[in-house]
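Read the structure below first, then the notes.
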Protein chains: 2
Amino acid sequence: MDRPNIILDIAERRMRQAGYNAVSYRDIASEIGIKSASLHYHFPKKEDLGVALVQRYSENFFAAVKQNTSELKTPQDKIKAFASIFNSELKDQNLVCLCAVLGAEAAGLPEGVTHEVKSFFDRNVLWLTAQYEAYGHADPVSKAKITLSLLEGAMMISAVNDDNSIFDAAVSSIL
Amino acid sequence: MDRPNIILDIAERRMRQAGYNAVSYRDIASEIGIKSASLHYHFPKKEDLGVALVQRYSENFFAAVKQNTSELKTPQDKIKAFASIFNSELKDQNLVCLCAVLGAEAAGLPEGVTHEVKSFFDRNVLWLTAQYEAYGHADPVSKAKITLSLLEGAMMISAVNDDNSIFDAAVSSIL
DNA sequence: AGATATCTATCTACTACTAGATAGATTGGC
DNA sequence: GCCAATCTATCTAGTAGTAGATAGATATCT
């Protein structure tokens, strides 16, 4: 894999565990085995790293959504598949959605990072809205926001308690 | 007000905006107009401050729950009142639940702080479970966890988008 | 030669935290 | 009432360590 993606992998894991400010160039560099100064070659400012990280996360996520839902027929099945993308990393690595973590710290993040987090949520609401529209829901936009809120909140609480059943219960309650 | 509570007020506001690691003794001290060393007299370690903060938050929250629900009859009304405690600070200060923020960073927090965050969630689930039991819900514990997840998630997303209607929609969907 | 990626070495600013002193208020013994 | 002891809350001055960031040299590959 190329260096930028190796850097982002490490940054992503750490940020999803402990937040933006808990991740340092020094820590990332020492895990790779290079000097922290070298990281600034790839990501001059920490904000650049944060922005790239959320962008990559968002693109990977929606690539997975596309792949895992393309052969499904009903909106219900698609939404379950959508939720199970979040679930896979939660259950075997106890990792919450990157944007759930960054969203919680949003008021203290560099502007560019906060903007990307918002964009991720927007894209999620858009995708979910389309499903609820297809399902014939009365207010698909509100329902989409509610579903996203539930999933993000359930991930966070599941991770804190290291108890995946909370997320499972949340998914079962959707629709 | 006494000094410890003044310190905790400032720490609470900042932590609910930007997270645990974004709050420094220096910043708190300079806002009060004393030296950071003086803060260590009241809270020797940052973990002590974090623990005291979550404990105070939890106690204040459940005092408000008790006060705002004591004269209400139905579990539905009580749960709405419960949600509106979260909502009041969200809508006029854009402040998320302290434990939603700290929960997102839980894996990187001092052990004592994480423990208090868990306790807060436990207490919430307990309280909500009692309401759903009174309501005759089939699985009151799961329902309680789902409701808490929804509220915490909706607060976070509402704050990021500075759009209170997301939280309102979430509250309307409960029960 | 040029581009890519890393290095060394350094900087400034900030982090939590501590030691030891001080001023002022409070408490208890005689 | 007076004195000594203690407590409260702050200060100055400092520790060691970490933060993100930069300049400029070096190595490697095409």
For the axis carrying chain B to chain A: nearest C-beta residue of B, whole Å: B:153, 1
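To the nearest 20 debye, what charge dipole does segment B:45-173 have about its Cα centre, counting +1 at the Cβ of each Lys and Arg and -1 at the Cβ of each Asp and Glu? Can you show the working numbers first?
Working: 12 positive and 17 negative charges, 59 e Å.
Dipole size: approximately 280 debye.
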Using a Gaussian network model of chain A with C-alpha springs under 10 Å, which one of A:165, A:142, A:30 is most mobile by mean-square fluctuation? A:30
Could you tell me how far the Cα centroid of segment A:46-106 sits from the Cα centroid of segment B:115-167, in Å? 22 Å
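Using Cα-Cα distances under 8 Å and only pairs 6 or more residues apart, what relative contact order does segment B:45-173 have, in percent?
Result for segment B:45-173 is 27 percent.
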How are the C-alpha pair distances of segment B:12-62 spread across 10 Å bins, as whole percents from the shortest bin up? 24, 56, 19, 1
Residue B:134 versus residue A:88: modelled label distance in nm, points set 7 Å from Cα along the beta carbon direction: 4.4 nm
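Grab the DSSP H runs of chain B that are 4 residues or longer, score each as -39,500 (n - 2.57), total them, divide by all residues and round the 222 nm result to the nearest 500 deg cm²/dmol.
Details: 9 runs with 137 residues, N = 175.
Here the helix-only value at 222 nm equals -25500 deg cm²/dmol.
Between residue A:5 and residue A:24, 0.36 nm times their residue separation minus their Cα-Cα distance comes to what?
Numbers: separation 19, 0.36 × 19 = 6.84 nm, distance 1.63 nm.
Here the segment from residue A:5 to residue A:24 would lengthen by 5.2 nm.
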At 7 angstrom along the Cα-to-beta-carbon line, where would the label on residue A:139 sit relative to the other copies? Give the distances in nm, shortest first. 2.6
7 Å along Cα→Cβ for the label point: how many nanometres lie between residue B:55 and each equivalent label in the other copies, listed shortest first? 4.7
Between the label point of residue A:72 and that of the same position in each other copy, find the distances and list them shortest first in nm, with every label point placed 7 Å from Cα along the Cα-to-C-beta direction. 3.4
Which entries of A:118/B:118; A:143/B:78; B:78/B:143 show an alpha-carbon separation above 18 angstrom in the structure shown? A:118/B:118; A:143/B:78
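Once you have the Cα-Cα distance between residue B:111 and residue B:47, take 0.36 nm times their residue separation minus that, and quote the gain in nm to one decimal. Walk me through the intermediate numbers first.
Numbers: separation 64, 0.36 × 64 = 23.04 nm, distance 0.83 nm.
Value of the extension gain: 22.2 nm.
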Debye calculation, C-alpha points only, no solvent: report log10 I(q)/I(0) for segment B:45-173 at q = 0.10, 0.16, 0.17, 0.18 Å⁻¹, in the same order as the q values. -0.32, -0.82, -0.92, -1.03
Where labels lie 7 Å past Cα in the beta-carbon direction, separation of residue B:32 and residue B:67 in nm: 2.4 nm
Compactness index (Cα Rg / 2.2 N^0.38 Å), the protein assembly as shown: 1.00
Can you give the angle from 0 to 90° between the axis of helix A:3-18 and the longest principal axis of chain A, with both taken from C-alpha atoms, to the nearest 10? 70 degrees
Gaussian network model of chain A, Cα springs within a sub-10 Å range: biggest mean-square fluctuation belongs to which of A:118, A:145, A:73? A:73
Report, ordered by chain and residue number, the lysines lying within cross-link reach of residue B:45, taken as a straight Cα distance under 20 Å and ignoring same-chain residues fewer than 8 apart. B:35
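Bear in mind these aren't lab numbers, they're just calculated from the coordinates by the rules spelled out. In this text, all values refer to a predicted model and were calculated from it rather than measured experimentally. Cβ coordinates were reconstructed from backbone atoms using ideal geometry, including for glycine residues, and neighbour counts include every protein chain displayed.
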